[in-house]
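A short worksheet on the structure shown next.
The values are calculated or read from the model by the stated rules, or taken from the named source; none is laboratory data. This one's a predicted model, so the numbers in the text were calculated from it and none came from an experiment. Cβ coordinates were reconstructed from backbone atoms using ideal geometry, including for glycine residues, and neighbour counts include every protein chain displayed.
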Amino acid sequence: MFHFDITKEPLSNPELKAELQSLKKIRKELIKYSCISDVLHAFVFIGLYFSQFLSGYAVLVAVVLSTVFALFLATIPRQSLKLPDRIAIGTIALGTAVATFLIINVSMQQPLTGSLVAGLTAGSIVIVGATLGRKIKDILLSIESVKAIPEDTVAQQELNYLCRKYPQLDEYREQATQNLRPHLSYGELAAMKKWMKEQDVLPSP
């Protein structure tokens, strides 16, 4: 995920546009991989259904279970895939695979082979969907962060307050203006707030 560094010279307009294009390219690639994954998983379930290894209801159960958990893991409010997140994804994927197998094989009395394949596929959907979904979410947040804030009154007030209180931040804004960027971005405002917290200074109410 792209982050602004206010301890360095602000990016110029061309540099900012180049970064935005790079982020959009990554977004396009991630969406393509997500579509390919969806198609491959769909082919597996279609194959199980037409080969009569699973009934239509069994396929529906596997799809719904895996999709629900994949969406949950992809949209929880975190911005990076750290080791605890990966462990959680793996654990939930394994649980989804086991639950899918038990429901389909035991409760719905579907064939063992079809149930095993459905369980493994459900687990795969959770892992791939959660991982790609989280990365797409991070890229979308990064794209939003490079947008300027000229018409956002609240953001402008926050920015003006920070720059009045901290000369370093006002100097950064002045440098951005000299780089032909009269308006800072949401990402730079977030970086300023983070910098302020790192200084162990709390803003006045």
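Of Ile103, Ile136, which residue is over 30 Å from Lys24 (Cβ atoms) and part of a helix (DSSP H, G or I)? Explain how you work it out, then say what you get.
Details: Ile136 fails: over 30 Å from Lys24 (Cβ atoms).
Residue meeting the stated conditions: Ile103.
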Tally the residues that are part of a helix (DSSP H, G or I) and either free of Cβ contacts under 8 Å to residues at least 24 places away in the same chain or surrounded by fewer than 16 Cβ atoms within 10 Å (Cβ to Cβ) (or both), restricting the search to region 142-154.
-> 3
Would you check if there is a residue in region 101-109 being closer than 11 Å to Gly129 by Cβ, modelled with pLDDT of 90 or more, assigned by TED's automatic domain parsing to the domain that holds Phe45 and surrounded by 19 or more Cβ atoms within 10 Å (Cβ to Cβ)?
-> no
Can you confirm whether region 182-189 contains a residue that is of a type in the set (A, V, I, L, M, F, W, C), part of a helix (DSSP H, G or I), surrounded by 13 or more Cβ atoms within 10 Å (Cβ to Cβ) and not assigned by TED's automatic domain parsing to the domain that holds Phe72?
-> yes
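Yes or no, residue by residue, for (1) under 29 Å from Met192 (Cβ atoms); (2) at pLDDT below 90:
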position	(1), (2)
His3	yes, yes
Ser22	yes, no
Ile36	no, no
His41	no, no
Leu48	no, no
Thr67	no, no
Asp85	yes, yes
Thr91	no, no
